[in-house]
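The values are calculated or read from the model by the stated rules, or taken from the named source; none is laboratory data. Remember, it's a predicted structure, so these values are computed and weren't measured experimentally. Neighbour counts run over all protein chains shown; Cβ positions are idealised from the backbone, glycine included. Protein only, heavy atoms only, side chains kept; ligands, DNA and RNA dropped before computing areas. Shrake-Rupley method; radii C 1.70, N 1.55, O 1.52, S 1.80 Å.
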Amino acid sequence: MQWEFIVALVIAIPVVLLPVALVWYLNIGGVYTAIKEAKERRVAREKGAREAARN
């Protein structure tokens with residue numbers, strides 16, 4: 001391979017992968033937030049059921 005091609009790859013690969021990594025990061029963050037909120041709702045619902053059972 002010629003050195004110009006290698007330089008073009010070294011420059012192009014990060015330019016292509018950066019947006020992909022950003023979208024992946026946002027998706028994983030959204031999934032994490034959804035799981036966290038679902039867990040909080042489940043804990044609150046179970047706590048309310050326990051309190052209702054006491055009365």
Report task. For the chain, give the percent of accessible area contributed by carbon and sulfur heavy atoms, probe 1.4 Å, rounded to a whole number. Result -> 70 percent
Requested in this report: Go through LEU18, GLY48, ALA8 and say which Cα lies farthest out towards the positive end of the charge dipole of the chain; charges sit on Cβ, +1 for Lys and Arg, -1 for Asp and Glu.
Outcome: GLY48
Report task. Hey, can you find the accessible area per residue of the chain for me, probe 1.4 Å, expressed in square angstrom? Result -> 97 Å²
Query raised in the report: Once the Cα atoms of helix 3-54 and of the chain are each reduced to a long axis, what angle between those two axes, in degrees from 0 to 90 to the nearest 10, is obtained?
Result: 0 degrees
**Report entry** Dipole magnitude of the chain about its Cα centre (Cβ charges: Lys, Arg +1; Asp, Glu -1), debye to nearest 20
**Finding:** 660 debye
